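The values are calculated or read from the model by the stated rules, or taken from the named source; none is laboratory data. Every value quoted in this text rests on a predicted model; they were computed, and no experiment measured them. We place every Cβ from the backbone using ideal geometry, glycine too, and count neighbours over all the protein chains shown.
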Amino acid sequence: MLRTTLAIAVTFATPLAAQQADTAAYRAQARAEVARLKAERPRAGPARNVIVFIGDGMGVSTITAARIHQGQLAGQDGESFVTAMDALPYTALVKTYSHDGQVSDSAPTATAILSGVKARNATLGVGPEVATGDCAAARAHAVPSIFVAAQAQGRATGVVSTTRITHATPAAAYAHSAHRDWEAAVPAEAAAGGCIDIARQMIEGPVGSRLDVILGGGRRYFLPQSASDPEYPDIRGLRADGRDLVAEWRRRHRNGRYVTDTRGFAAIDTARPGPILGLFQPDHMQYEADRAGDVAGEPSLADMTVKAIERLSRNRRGFVLLVEGGRIDHAHHAGNARRALEDTIAMDRAVAAAVASTDADETLIVVTSDHGHAFSFAGYPPRGNPILGVVAGPDGKPYRARDEKAYTTLGYANGPGAHDHPRADPADEDTTALDYKQQALVPLGSETHGGDDVVARASGPQAHLFRGTIEQHSIHDVMAEALGIAGE
Ligand SMILES: [Zn+2]
């Protein structure tokens, strides 16, 4: 079915598609699409594997703009381009509010997706009873993620992210914390109350210590302040407790493999038993647009996804894998649309790789986002206008705003791209440059999340349950249904 979809896409997503398409071609396209929808049959059986992709901050405007960018970069028609995410057969609209926030952050939203309950902003792996920073409440109201039941069933488990592996989204798989920022240390009062930091939970916690694949960034959070980073000798570990958690992980897992660069990553033989820990940067991994310039080299999100699937699929009982495209969000916070779109494209490649290396009869693939951003896609640019460009008329000349200046198609309601009065004229700037910050209205140091719905798209067993408009924490229950985890 996916192949049919892609074949249609190839037919229409050719350069100059708008010029080539006439009435008959559009009608044929619509008929083919409806035929595909009618032929799609729900897969009712249990899933052996579940792969959940979270594009952090990947709202609908990001999805659309990234699709067009991806098509335009490939020399094809961007608007009608079909991405791997687009080709997934089932879709639901997802409400993203948190227990206490109209607009949420990644900690409660990842908790909703992975544990099935709404939590308060900045809290992780705990119920709504827990106020931010309340260690005692967090200990009393920890909520198990879907990884707990998956491990109890004997399934393999893995976490992959382009952020620090202790960052909110990946941490929601294995940690419980009254504050998402307790990554390498907790405040003295919380320590006295028995709360431990997220990095320690990854190494010694009941879920973290049993993860078969861990790939991401954040080495500093596992190394003592006395240690230098292997890739950047000037950067030191962050841990004030003097512990070397990487060494502790290696002692715990004598058959484990620890890698820090592309050479070590490529050398991993996934047929060999034992867990894999890859920490590729002292902090977050590079943006996809900057990855080629990394000192020691980093695998792409698609590379990490494939490696994880190869290792986890050795388990006959199946696996659960979380893959986060984590830096879409960071580029948006910086008001930098190009890096956000290119990280979205990198996640789409990872989705394509997962679809290609799994069987839709046994693997539920879910692609969703935790929240959107204050990112707008607007104006009346003509078909084929460069997505990172200024809005131009049919004659190629930029449209002018009331201040006689041009404006870009992509922009932000707030953030660092806010201009002092009067604003610059984007027609005089290279708005497609890698470091260009789109203009914004309200001046904020960091652009903010959005409160609009996101989408969940899916293929495989129980994927048809993704329809209509659903609560974010119901995503957990669909995955649990597919895995045969009843009433958790
Ligand atoms: Zn964010």
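The rows are residues; the columns are (1) aromatic (Phe, Trp, Tyr); (2) within 16 Å of the ligand (Cβ to nearest atom).
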residue	(1), (2)
HIS371	no, yes
SER376	no, no
TYR380	yes, no
PRO386	no, no
LYS397	no, no
ASP403	no, no
THR408	no, no
TYR412	yes, yes
Out of (1) of a type in the set (Val, Ile, Thr); (2) more than 16 Å from THR163 (Cα to Cα); (3) away from the ligand (no atom under 16 Å from the Cβ); (4) not in a loop (DSSP other than H, G, I, E, B), the one THR358 does not meet is (4)
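Just to check your reading of the model, which residue among ALA199, ALA184 is of a type outside the set (S, T, N, Q), part of a helix (DSSP H, G or I) and either modelled with pLDDT of 95 or more or at negative phi (or both)?
Numbers: ALA184 fails: part of a helix (DSSP H, G or I).
The match here is ALA199.
I'd like to check something: does region 59-74 contain any residue that is of a type outside the set (A, V, I, L, M), outside any helix (DSSP H, G or I) and modelled with pLDDT of 95 or more? I'd like the intermediate steps shown before the answer.
At the first step, the residues of region 59-74 found to be of a type outside the set (A, V, I, L, M) are 59, 61-62, 64, 67, 69-72.
Add one more test, that the residue is outside any helix (DSSP H, G or I), and what stays is 59.
Filter once more, keeping what is modelled with pLDDT of 95 or more: 59.
So far as region 59-74 goes, yes, one or more of its residues are of a type outside the set (A, V, I, L, M), outside any helix (DSSP H, G or I) and modelled with pLDDT of 95 or more.
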Inside region 324-335, the number of residues satisfying the requirement of being more than 10 Å from the ligand (Cβ to nearest atom) and surrounded by fewer than 24 Cβ atoms within 10 Å (Cβ to Cβ) is 1
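For (1) part of a loop (DSSP other than H, G, I, E, B); (2) within 16 Å of the ligand (Cβ to nearest atom); (3) surrounded by 24 or more Cβ atoms within 10 Å (Cβ to Cβ), each residue gets a yes or a no:
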position	(1), (2), (3)
PRO108	no, yes, yes
THR111	no, yes, yes
VAL117	yes, no, no
ALA122	yes, yes, no
Within region 422-473, track down each residue that is farther than 30 Å from GLN102 by Cβ, surrounded by fewer than 19 Cβ atoms within 10 Å (Cβ to Cβ) and without any contact (Cβ under 8 Å) to a residue 40 or more places away in the chain.
PRO422, ALA424, ASP425, ALA427, ASP428, GLU429, ASP430
Test of understanding: among ARG383, ARG338, ARG349, which residue is over 30 Å from GLU40 (Cα atoms), out of contact with any strand residue (DSSP E or B) (no Cβ under 8 Å at 6 or more places or on another chain) and not in a loop (DSSP other than H, G, I, E, B)?
ARG338
Mind checking which residues of region 33-64 are more than 16 Å from the chain's Cα centre (by Cα) and not charged (D, E, K, R)?
VAL34, ALA35, LEU37, ALA39, PRO42, ALA44, GLY45, PRO46, ALA47, ASN49
